Structure formats: C-alpha cells, structure tokens
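The structure appears below as structure tokens.
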There are 2 protein chains.
Amino acid sequence: MKLTTIREIYKDRDTYLDQEISVGGWIRSVRDSKTFGFIVLHDGTFFETLQIVYHDKMDNFSEISKLNVGAAVIVKGRLVATPQAKQPFEIQADEVTVEGASAPDYPLQKKRHSLEYLRTITHLRPRTNTFQAVFRVRSLIAYAIHRFFQDRGFVYVHTPLITGSDCEGAGEMFRVTTLDLDQIPKTEEGAVDYARDFFGKETNLTVSGQLNGETYAQAFRNIYTFGPTFRAENSNTTRHAAEFWMIEPEITFADLEDNMDLAESMLKYVIQYVLEQAPEEMNFFNSFVDKGLLDRLNHVLNSEFGHVTYTEAIEILEKNNEKFEYKVSWGVDLQTEHERYLTEEVFKRPVFVTDYPKEIKAFYMKLNEDGKTVAAMDCLVPGIGEIIGGSQREDDYDKLLGRMAELNLNAEDYAFYLDLRKYGSTRHAGFGLGFERCVMYLTGMSNIRDVIPFPRTVNNCEL
Amino acid sequence: MKLTTIREIYKDRDTYLDQEISVGGWIRSVRDSKTFGFIVLHDGTFFETLQIVYHDKMDNFSEISKLNVGAAVIVKGRLVATPQAKQPFEIQADEVTVEGASAPDYPLQKKRHSLEYLRTITHLRPRTNTFQAVFRVRSLIAYAIHRFFQDRGFVYVHTPLITGSDCEGAGEMFRVTTLDLDQIPKTEEGAVDYARDFFGKETNLTVSGQLNGETYAQAFRNIYTFGPTFRAENSNTTRHAAEFWMIEPEITFADLEDNMDLAESMLKYVIQYVLEQAPEEMNFFNSFVDKGLLDRLNHVLNSEFGHVTYTEAIEILEKNNEKFEYKVSWGVDLQTEHERYLTEEVFKRPVFVTDYPKEIKAFYMKLNEDGKTVAAMDCLVPGIGEIIGGSQREDDYDKLLGRMAELNLNAEDYAFYLDLRKYGSTRHAGFGLGFERCVMYLTGMSNIRDVIPFPRTVNNCEL
C-alpha cells in the first residue's frame, strides 16, 4: 500500500504541495459543520499532526463525522498550503476510507491523561503525545549508540542473558529453571537436584555482561555490549526496574583516561544526534516535561566534563554535610544526593569522580599505587546523578588473584577471567551505561516506568 | 593511548607509509635469526595481520624472541612498503614493549584447532581467524539491520524479556522466579504460592515479542524489535539454541505483499552491507568454510525472490515424495528437507511460500477468503531452509475472537491484543528473522554454537 507519511510531508513539503497523495493514520479529533469537516490526523511517523478537510459531497460524510478518536482512516486528496492558518498545510480530501473504527469506550480521549493512568494501559499509551515523543527518542538514542561505536570500529557483542555464574555479585538475581516447582526433584541428600534442570546446573539472569565482554575485547581490541540486564531487587523507586538495558563498552590498550574520553564523547554524540533527529520531540519535552532541558543539554555539548577524585569530592562534600541526609566521610559510598550536589551545585556540568576506595568497588578494578583506591570512574550528570560507572580493570594476574582471595571469591569460578591476565594481558578499561537512565536524562522523564515500553518492577509484569 | 590500528593501515596506507607509528596487538607468531626477527601481529581491528621486523640493537631482543603466541606487545617503528614480499608492507621496529606475556600453556597454538575443541574455550576462540571473521560479521549484520530499519523511519521497540503470559504458545518456556526452590511456599490448597514470587504471579522468558510489538506498530506505524528470545526445548541440533536473538518488524497499513517486499529488501540490504564492509572475512568464509558462498549471496542480490503458494508447493513436492524422509500431502507442515528442496532444487534462489493451512499456523494470522488458509509467508533460502516466518495479522475483531475460541484460548489473557482490533484497527503484517540463522546463512557456518559468543543449549551454560 503506497501511502505518503506525515514525516515526508513535513520534511519535504515542496515535493508534495499541490499533489494528489494518500495518507493513512489515526484520528486525534474530528469536527464538522453542515457541509464540511476537519480531521486532525496522526500517523505515528512524525510528532506533528496533519489537518484533513472533508466535505458533504462524499457518500460517507456522516459516517466520517461520527468517527471516534483513535479510528484509522486512509485519506486521498490534495496537499495545499495554508499560509493564513495555524498549520502550514492541509489535505483537501477527495476520499476518506475508514480502515478501522474506534469503539466508544476508547480509553484515550482528547483530554490530558495522567502518567499514572497511562501506566495502566501500556498497550495504548504510545498513541499519546508524551509517549510518542519518549519512545521515538528512545529508539533514536539506541541507534545513536550503535552508530557511535560502529563508526569507531567497535565490535557489537551479544553477551549471554542466562548465566551459570553470579560473577560480579552486582545484585540479586532471578533464577531461570525448567524444574516443576510443584515437584522439585531432590538429590539423595535432600538438596534441589539441579542436574535435572535444563542446563544441568543452577542458572540465573545476568546482572552484567562485562566479564564476558572483556574476553571479546582481548580479541577484537574494542567491543561493546547492548542488551537486557536484570535485578531482582525489592526496590520500588522511580529509578529502578527489574529488567533494563545496558551498554557496556570495553577497550584494550587503554587506561582510565581513555575510558573517560570515550564516555564523554559517547554522551555528547548521543545528545547531538537526538537534538538533530528529533527537534519536535525535544521541544515538547522542554515545554511540557522538563523546562530547561534544552539549555542543560546544550550546555553539556559545549562543556568539558569536570574531573575530581573521590578524595577531593569528599573534602568538598564534608564542608556541606549539613545539607545532606546521609553525612559523608572518606570511605562511604556516595548517595544520589551527594552526586547531584557535586554535578549540579559544585561543577554545574557533568563530572567524573575517580579513584574510589577499593572497599566500595568491585574486585576487578585496578588497584592504584596508593594501595587504597582503585582506578574507578563514575560519571555524574545534573538531574540524575550517576549515569555511567566504569573502571580500568586489574590486568595483573597476581594482584587480581590476591584481591579475589581477600574477598573469598572462588578462583575456579573465574578461571576464564584469570586466563585473560595469563595470555596476553593488556591494560584495559570499560564502563556501563544504564540505557533507561540515559533516556530519562535526555527526555526529562522522571519515572523509569515511563521510558520502558512494558516496565517490569516488583509485583508488576503486565502484558 | 594513541595507537594506529591495523585496519587504518590497510584502509589508508598512504597516510601511514614511511611514518613513525605505534601499533598494539597480539602475537600470532614470532621467529628470529641471530640479528633480527619477525613478529606476525594481529590487533583485532582487521582480519589481516601486520609483519613487524625487530633487531638485536634492542635491549630486549632475546626477551621478544622468546615470547609465546598470544603475547601482547606495543610496537613503535616505521611503516615501509615491501613490494617484493607477500605482505604489502611491514613495520621496521625501533621499540617493542611487552604489554603482557603469554604463558606456555596457551591453548591456541599456531596449528589449526577443530571447532569442537574451540567450543570448550569460548573465552579464547574469538582470537582465531574463524571466530574473528564470524563475530565481526555478526556485529556488522546486527548493525546493518538497525540501519535498514532506522533509515526507513522504523521505531526500535524493546519488548519485554520477562513475561507473565504464554501468549503465542510458540514453544517451551523457562520459568523466572525468586522463590527459594529449597522451600517453595505453598497456598492453603497446596499449590505453589506465586503471590509470593517477585512479580506476584507466574513469569517466564519470552518466546516472541510480536504481540507486544503490534501494540507499538498501531501507534508508530512501522516498528521493529531486536532482542533475545528463549526456547526451553530439549532439542540438541546444530540449528537450535535455548537463547537466541530475533528481529521482528511490524508494519501497519500493510498486507502480505508489503511484508514480503520488506523481507526481501532487508535480506538484500544486509548481504550488500556485509559484502562491502567485510570483504576479507567473506573471502575467508568462501575459501575455508563454505565454497560457493559468495556466488550464492551474489546470486541472491541479483535475483527476485520466488513466490509460490503452499498448495502449489505441495503439488511440486508430492511429485518428488520418493526423495523425502517425510512424505508430504496437503495439510502437513514442511520439514527442512522439503524447504531446502524447494529453494535449492526447484527455484534455485530464495522463495516465499504463502497461504498455509490455518491448522498449522498461529491463531493471529489473517484468514484468507477460502476459509482454509491464512495469509502466512515463510522465506526459504538455499543452505538453510526457513529463515523468515511472517504473516498478515487478523485485524477483524470478531474473526480473531472466533479463532481464539476454536483454539480454546482465553480471551481475557489477550484483552490488550483484542483492543488493537477494537480501537483503530489497521491491516498489518510482520515477520520474525532468527538472527543466528541469518548469521549462519551469511557466513556459511553450519553449527549455531559457532555463531553465538557464549551459546546456551541443553546441559550447556558455560561462562
């Protein structure tokens, strides 16, 4: 079926003006007088709508006039400029064909619905302005990330979702099983008999693809992952979901500086891409969701990110401890309130905090010469706090083994990871970007449930 | 760390010839005479290697000469043309710095290893020629698919992995749970108490994002998914994995013809992209993995795909029933042997088989006017058989409800899906492309375990 899209009309109007075209879409509103009527049509390809003028010479004039919001129609007619009107052009229709009517109980009417209400109809909410904007921008961000890495020769690696190891210990995991929960098979000793499970062992959903990703970085030089990740944490906040997507690049012959340069370039690239590709959506967010969003993003594009060590950051924060619910001192992990204070009040731009105490960071981070801190970096951004966390990795076999022993990690479980330090180890580094945090940051949306098509949170797994 | 990549050197040699550059990579082989030596270096950015000449004026001459395969080095030197030699240029090194040695028990030696052996070291096999080629091409195919759809304005939708419904019934599912399998909580009636599970209900890993995807197509016009999918089937074949990636586009104001056009354009686009971007890898596959691969792919690029109805296909196949293990007659599902016969022997190119009996296809496919067949299409390709399966969807509320009743599907479970037929229903269609099958098709690799970085199959979930 050859239909012209509303995007094509807006982006390339000269091609279509005064031409006979056909468009298809869904009705946002319809109103009629005695002899003619107006349809506001949306076709999902573009944020703006198209006005259709229809008239009583059509056989189905009264059928059209009775159509409900949400009905699907195909319109044939001529695109004409309307310099006096609010909209730049309209279609003067010769034919309006009803593709699918919309029942009177359509849950989306012309009024404004609350985000909470729209969360109860996740299958219909993408038809609203807000979610049209959110999910088009989500798609563009995903693509921008692929472009960024592919243009730079990075290899995209699909790390596994089902995993036999809880390697990183980054969080609570979901069990994956085909055992019959009604009749769990037991061994003679009375334990669960995982030998009879699908994989013959205990398996869970991954919390990170990093360790697997490192194996590919040591073969391809630079790689990235982009896939779903899971946390079975019982936390009901606006920032946590049980299922979310993560990007994890890993670069070799590279140190913490290279890692920060990469993170900064990537964020700027993605912002730039979305501002260019979705100006209508971004203006909408700026006007109706988060006033000041565009200024903030443009400021990021034009700033160099700040750099501060954890130790320096603690000194700054300690002087302002009266402002915080959780008081800071050297050795504590930073809370969102501290992160936001640093990036919003102190630096007024994105900032990298580096060199955290080893005790509050993962075992694989490279120990600094002071013996106390590791070559970690978190990138903090205004409005969100931490958006990226990364590190240079410990590439020394003996140091890594020692650190694992300190933490009572079983070296056998990490044999593959230790192998990377045994056979052609290189300095290397990487980071993780929570994709949904990135979407929230670029759109100004404040609840993670509103940037995931079908969000999964505690006690919520609808559709 | 600023290093020139071997890709940059090969793609843009004039920039680097007779220049001082630094490269970093892993040693494929090293040999020395008394006063100088040769390193064959691979850096993961390009399929070809780079020859390094080093000499005994270096302090670490003997250290270098003793390096094992797999060691990581950084080389500083001058790139010089070698018109008389096998390789087009080499680096005459001033300095070779050892970044990381390789222990003597390195499992990859210079000899050829079997694919079976390499499956036991999934963390190291990407360092071999075959898997360098496979996984770079896998990455390029993934990106080509994104490019294809994004360039056409499709919105990328992340459909959920954890699902509360077994909507499509497409296969055995993995249970996802946080219940303690040692002590499954029970209700008063003695059933598993899923109210105490993380989501408060039974949840599984998805077998398809299609139904969710349709909800977004009815908002954005054209969408695609690209994400992991799971099957808990106990089938130990070269074509089945428990975890694989799938692409599922869904288009509205579109019928089966549009769907086939889209599938054909997509496959051709991806083939073209990979041939352009990875000629070295594709030549390698053609020479060492699947002789005739390039001819076959080029033939696809230059052919229009064939079209045949299921009924016509059965007539053709019945005449050749003596050739098949499973005899065909109208009403049976096609096996791989039949699919391959059609595409390899009858059509000698990719072919769409359309209009299958409704009994062997899913409930959501649009019933044809004959009342017996549905508007389904499978795309068969030489060497593989079915690579794409799709259909026009039933868009009529009453017909869909009727078909669901015939199949004893509970309408309440599909309320969201029925809503799409109630509020602005449009003709729409879509298909699923198994990503790994696509990678196998383009590389000639014959076992799915060799095109997935860390494959998951029955009793196998390593790393």
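Taking only C-alpha pairs under 8 Å that are 6+ residues apart, what is the relative contact order of segment B:59-180 in percent? Each step should come with its number before you reach the end.
Values: 81 pairs, mean separation 20.9, N = 122.
For segment B:59-180, the relative contact order is 17 percent.
Work the Kirkwood hydrodynamic radius out for segment A:338-463: mean of 1/r over every pair of different alpha-carbon atoms, inverted, in Å.
Numbers: mean 1/r = 0.0593 Å⁻¹.
Computed over segment A:338-463, the radius equals 16.9 Å.
On C-alpha positions alone, give me the angle between the axis of helix B:397-406 and the longest principal axis of chain B, in degrees, nearest 10. Roughly 90 degrees between the two axes.
Quick one: grab the alpha carbon gyration tensor of segment A:20-157, order the square roots of its eigenvalues as a ≥ b ≥ c, and give me rounded if a/c is under 1.5, else prolate or oblate depending on whether a/b is larger than b/c.
Working: a/c = 2.62, a/b = 1.67, b/c = 1.57.
Prolate, since a/c reaches 1.5 and a/b exceeds b/c.
What's the angle, to the nearest 10 degrees (0 to 90), between helix A:256-277's Cα axis and the longest principal axis of chain A? Orientation of helix A:256-277: about 10 degrees from the principal axis.
Listed by chain and number, the aspartates and glutamates placed with their C-alpha closer than 19 angstrom to that of A:K186 are A:D197, A:E202, B:D180, B:D182; residues fewer than eight positions away on the same chain are left out. The relative contact order of chain B comes to 13 percent, based on Cα pairs under 8 Å that sit 6 or more residues apart. Three principal axis extents describe the C-alpha atoms of chain A; from largest down they are 85, 59, 45 Å.
Quick one: net charge of A:K57's neighbours, Cβ under 11 Å, K/R +1, D/E -1? Before the final figure, lay out the partial values.
Details: positive: none; negative: A:D56, A:D59, A:D94, A:E95.
Net charge in that neighbourhood comes out at -4.
Can you return the lysines within cross-link range of A:K348? Criterion is Cα-Cα under 19 Å, with same-chain partners fewer than 8 residues away left out. List returned: A:K268, A:K291, A:K319, A:K323.
Distances between copies of B:E95, taken at a point 7 Å out from Cα along the Cα→Cβ vector and listed shortest first: 7.5 nm. Between copies, A:Y117 shows label-point distances of 6.8 nm, shortest first, with the point placed 7 angstrom from Cα along Cα to C-beta.
Loop-located GluC sites (Glu not before Pro) in segment A:18-119 (DSSP state not H, G, I, E or B) with no more than 15 neighbouring Cβ atoms inside 10 Å: A:E48. Within 10 Å of the Cβ of each residue in A:178-185, the mean number of Cβ atoms contributed by other protein chains is 5. Centre-to-centre, using Cα atoms only, segment B:406-426 and segment A:53-100 are separated by 29 Å. Spatial offset of segment A:343-384 relative to segment A:196-213 amounts to 29 Å, using the alpha carbon center of each.
Backbone phi angles across segment B:30-35, fed through the Karplus curve with coefficients 6.51, -1.76 and 1.60 (θ = phi - 60°), yield HN-Hα couplings of 9, 8, 9, 10, 5, 10 Hz in residue order; Gly and Pro are listed as x.
For A:D255, the distances from its label point to the matching points in the remaining copies are 6.6 nm, ordered from shortest, with each point set 7 Å beyond Cα toward Cβ.
Residues A:W26, B:W245, arranged from fewest to most other Cβ atoms within 10 angstrom of their Cβ, appear as B:W245, A:W26.
Legend: residue pairs A:K2/A:K66; A:K358/A:K399; A:K201/B:K361, Cα-Cα distance threshold 24 Å; pairs beyond threshold, A:K2/A:K66; A:K201/B:K361.
When the helices of chain B are scored as -39500 (n - 2.57) per DSSP H run of n ≥ 4 and the total is divided over every residue, the value at 222 nm lands at -8000 deg cm²/dmol.
Please report A:H158, B:H307 as a ranked list, fewest other C-beta atoms within 10 angstrom at the top and most at the bottom. Display every interim value, and only then the final one.
Values: A:H158 25, B:H307 14.
Ordered by Cβ neighbours within 10 Å, fewest first: B:H307, A:H158.
When the GluC sites (Glu not before Pro) in segment A:269-311 are filtered for DSSP coil states and for at most 12 other beta-carbon atoms within 10 Å of their beta-carbon, the remaining sites are A:E304. Its Cα gyration tensor gives segment B:154-204 an equivalent ellipsoid; the semi-axes, largest first and in whole Å, are 27, 12, 10.
When a/c reaches 1.5 or more, the comparison of a/b and b/c decides; with that in mind, is segment B:160-315 rounded, prolate or oblate per its Cα gyration tensor? Note, shape of segment B:160-315 comes out prolate. Against chain B, whose longest principal axis comes from its Cα atoms, helix B:210-220 is set at around 90 degrees. Once you divide the Cα radius of gyration of segment A:416-463 by 2.2 N^0.38 Å, the number left is 1.90. What net charge do the residues around A:Y356 carry, taking every other residue with its C-beta under 11 Å from that of A:Y356, with Lys and Arg at +1 and Asp and Glu at -1? So the surrounding residues net to -1.
Could you work out the percent of alpha carbon pairs in segment B:229-381 separated by over 26 Å, rounded to a whole number?
Counting pairs separated by more than 26 Å, the tail of P(r) holds 38 percent.
Dividing the Cα radius of gyration by the Kirkwood radius, what Rg/Rh value follows for segment A:321-366?
Taking Rg over the Kirkwood Rh, I get 1.00.
Expressed as a fraction of 2.2 N^0.38 Å, the C-alpha radius of gyration for segment B:285-346 is 1.36. The alpha carbons of the protein assembly as shown give a radius of gyration and a Dmax of 29.2, 101 Å, in that order.
Readers should treat all values here as calculations from the given coordinates under stated rules, not as data from a laboratory. Predicted, not measured: the structure shown is a model, and the values here were computed from it. Cβ coordinates were reconstructed from backbone atoms using ideal geometry, including for glycine residues, and neighbour counts include every protein chain displayed.
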